[in-house]
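**Student:** Before I ask anything, let me first share the structure, which is written out below as structure tokens.
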Amino acid sequence: MPHNTMFTDSHCHLTFPELQGNIPAVLQAMAEARVDRALTICCTIEEFEAVHGLAMAHEGLWATVGVHPDNEDVHEPGVDELLALASRPRVIGIGETGLDYYRLNGRTVEDMAWQRERFRVHIEAARRADLPVVVHTRSASDDTLAMLRRHGGFIAGEDPLEGLPVLRGVLHCFTETQAVARAALDLGFYISFSGIVTFRNAADLREVVRLVPMDRLLIETDSPYLAPVPYRGKTNSPALVPHVAACIAEVKGIPVEAVAEITSRNFDQLFRPSQRH
């Protein structure tokens, strides 16, 4: 691989305990692996200052603001608060947000109305800020897509936020079907693949990789989780995102440096970091 080929990790959690106390080593490993940028993701408003602080302190790190759908009993921001935090330097996305019905814990999908309202608020903030939304969806793809369509400005004559930019964003750590991928692509969304794509039992997901056009594809670690083969089961970090790229290169039949270059360009086109210094 040419020495100047650089990778971008489009989704990681550097404020999680597994990595937070080890940032100098994380950054050193990134440099050695030619990973020059990583987007560190906010999952609660309570952790936003730590996420944002990392982005402000390190040239290769960027931040988002949002509340993960799994997080309950945490501060619930409104649109105005999200907009205020999103206006800070080096904040380039809203999320991660979305829907997760995997752990209902005895509740029904109807009982998750609070989660759908949180998602709606994040979508509105993303459109008002003209920032991309970072979407998590698990066991909820139909409702996730329906809400993106309904609130994203895609249905003419039915847009409560008419006049605002149409929603843009990414379905991160994609593990859904080809049909869900096609539906997201039809909305102009990007699809991001994590270390899961390298797992032996992920043949169906590699078929989704085959489907997604290179100009709409991102790579991520979702670290500290989901370390790619051959590090599966160990603590993940942005330095391992080239292993995701190598798997995608093999599926697509192109050089890994092409995956690095194209996915980094896609990151620029979606998140526009040059506008948010």
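Just so you know, all these numbers are worked out from the coordinates, no wet-lab data involved. Please read all numbers here as calculations on a predicted model, not as lab measurements. Here Cβ is always computed from backbone atoms with ideal geometry, including for glycine, and neighbour counts include all displayed protein chains.
**Student:** Taking the Cα atoms of the stretch 7-275, what is the range of coordinates along each of the three principal axes, in descending order and whole Å?
**Tutor:** That works out to 47, 41, 39 Å along the principal axes.
**Student:** Please list the radius of gyration and Dmax for the stretch 1-109, considering alpha-carbon atoms only, with Å as the unit.
**Tutor:** Values for the stretch 1-109 (Cα only, Rg and Dmax): 15.7, 53 Å.
**Student:** Shifting gears a bit: When averaged across all projection directions, what area in nm² does the alpha-carbon convex hull of the stretch 130-277 cover?
**Tutor:** Approximately 9.5 nm², given one-decimal rounding.
**Student:** Let me ask something else. How far is it, in nm, from the label point at I254 to the one at M214 when both lie 7 Å from their Cα along the line to the Cβ?
**Tutor:** 0.2 nm
**Student:** Only counting other Cβ atoms within 10 Å, I'd like I123, I92, I155 sorted with the fewest neighbours first.
**Tutor:** I155, I92, I123
**Student:** Here is a further query. Using alpha-carbon pairs under 8 Å, 6+ residues apart, how would you state the relative contact order of the stretch 35-93 in percent?
**Tutor:** Worked out over the stretch 35-93, it gives 37 percent.
**Student:** Can you give the calculated 222 nm mean residue ellipticity of the chain, where each DSSP H run of n ≥ 4 adds -39,500 (n - 2.57) and the sum is split over every residue, rounded to the nearest 500 deg cm²/dmol?
**Tutor:** -11500 deg cm²/dmol
**Student:** Compute the signed sum of charges (Lys and Arg +1, Asp and Glu -1) over the other residues within less than 9 Å, Cβ to Cβ, of S194.
**Tutor:** Within the 9 Å Cβ shell, the charges total -2.
**Student:** Given 0.36 nm per residue, what is the gain on full extension from M56 to D80 after removing their alpha carbon distance, in nm?
**Tutor:** Using 0.36 nm per residue and subtracting the Cα-Cα distance, I get 6.4 nm.
**Student:** Which ordering of Y225, Y190, Y101 is given by a fewest-first count of other beta-carbon atoms within 10 Å?
**Tutor:** Least to most surrounded, the residues fall as Y225, Y101, Y190.
**Student:** Could I ask something else about it? Give the order of V74, V91, V241, V79 when sorted by the count of other beta carbons within 10 angstrom, beginning with the fewest.
**Tutor:** By the 10 Å Cβ count, ascending: V74, V79, V91, V241.
**Student:** For the chain, calculate the relative contact order in percent as a whole number, restricting contacts to Cα pairs under 8 Å that are 6 or more residues apart.
**Tutor:** Computed over the chain, the figure is 20 percent.
**Student:** Note down the nm distance, to one decimal, between modelled labels 7 Å out along Cα→Cβ at R103 and at Q178.
**Tutor:** Taking the two extended label points, one gets 3.3 nm.
**Student:** Measure off 7 Å from each Cα along the Cα-to-Cβ vector at E32 and F16, then give the distance between these two points in nanometres to one decimal.
**Tutor:** Computed distance between label sites E32 and F16 equals 2.2 nm.
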